[in-house]
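The values are calculated or read from the model by the stated rules, or taken from the named source; none is laboratory data. Please read these numbers as outputs of a predicted model, since none were measured by experiment. Virtual Cβ from ideal backbone geometry, glycine too; neighbours counted across all protein chains shown.
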Amino acid sequence: MLGPISRLAVALALAGCAAPDKPAPRIEPGMWSVSGVDAQLGRYGGTLEIRPGVDGRLQLIRVVSLADVVHADGRAVDLVWTGSVQSDAPDAATLSVALRRADFVPQVEEVVRRAADAAPPEVAGDLSVGEGRSLSIEYTAAADPSFAVREVGVLAGAPGNEPIFRSGRSLRATHPPPDPILRALLFELFESFHDLPAVAPFTGHPRFRRAVHFQVVERTDFDFYRANPDRIRVVDKVVDAISLAETEIRANAFRAALGAKAAFYQDGLTNEFVGPTGMVLRGVSRRGVPLDD
């Protein structure tokens, strides 16, 4: 017969041999055909994907086409949202998306970016799973009471090998790190520049201390625009005149091959802006309207 100490030892040994805890249940990855109504942008339809990220956490990718909004030049407007998925049950989840407002265009007509716009509005999606793994989602934004999106989805299948959208933006170093002696010399030479109010907050950052310059390589949606030159796609941003203008710049850069661009501008220069004497007689306004020189 086992004494109290022996029984305790057996219990501890059995506990150590017990099966490991199972991971908490969560919503299953999948792809859904979605449709809904945005209080600010109207009707839309598209695809929502929930898939594991490289770290195993669930991520959200949502690509939709707006039915009631077109660009100023007639191009259709699509939206892409990317974000995270928090789920502790197979029939519910919370979706999180940060929609950027301030980027590189400060103003378009009456729409102006201000300092307060630097913080991206946080969108929260309350997702519930119904019969046949159908979805019902309500999106809200605490910073904007007028933001309201109601969405339903029908299961289309499992995620593919590749996500339905992938960012093509990256940073590329333009040179190796400088020699320590050269770096010290440069930092001493540019000391007054480092003291400027606009620069000083960043001088202690490790990337600043490395003294390596980077260039942005932007290939996001290159293939999309070559295949869909009649569309623009706003990625992880609020939709207004400024974000549409920023997106138009990328779309115009990517949608035509270099030869087509050269032919387009040569035709305009030859037939629109050059007079019989060979002089440029006309220009264009910021909105593309021809003006007499």
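Filtered by the rule that a residue be within 30 Å of Arg133 (Cβ to Cβ), in a loop (DSSP other than H, G, I, E, B) and either among the aliphatic types (A, V, I, L, M) or under 14 Å from the mean Cα position of the chain (by Cα) (or both), region 85-123 gives Leu99, Pro121. Scanning region 40-67 for residues that are over 15 Å from Leu135 (Cα atoms), of a type in the set (Gly, Ala, Ser), more than 18 Å from the chain's Cα centre (by Cα) and loosely packed, with under 14 Cβ neighbours inside 10 Å yields Gly42, Gly56. Kindly indicate whether Thr174 is within 22 Å of Ala119 (Cα to Cα), among the hydroxyl-bearing types (Ser, Thr, Tyr) and either at pLDDT 95 or above or more than 19 Å from the chain's Cα centre (by Cα) (or both). Taking the combined requirement at face value, the residue does not satisfy it.
The rows are residues; the columns are (1) modelled with pLDDT under 90; (2) small (Gly, Ala, Ser); (3) over 25 Å from Phe147 (Cβ atoms); (4) surrounded by fewer than 14 Cβ atoms within 10 Å (Cβ to Cβ).
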residue	(1), (2), (3), (4)
Val217	no, no, yes, yes
Asp221	no, no, no, no
Arg231	no, no, no, no
Val239	no, no, no, no
Ile242	no, no, no, no
Ala253	no, yes, yes, yes
Ala262	no, yes, yes, yes
Gln266	yes, no, yes, yes
Thr270	yes, no, yes, yes
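Within region 209-242, being over 16 Å from Val63 (Cα atoms) and in contact with an Asp or Glu (Cβ under 7 Å, 6 or more places away or on another chain) holds for one residue alone: Ala241. Scanning region 145-162 for residues that are surrounded by 14 or more Cβ atoms within 10 Å (Cβ to Cβ) and out of contact with any Gly (no Cβ under 8 Å at 6 or more places or on another chain) gives Phe147, Ala148, Gly153.
Of all residues in region 124-147, those that are under 22 Å from the mean Cα position of the chain (by Cα) and under 24 Å from Glu28 (Cβ atoms) total 7. So, of the residues in region 72-83 that are closer than 16 Å to Arg250 by Cα and modelled with pLDDT of 95 or more, which turns out to be surrounded by the fewest Cβ atoms within 10 Å (Cβ to Cβ)? Ranking the qualifying residues of region 72-83, first place goes to Ala76.
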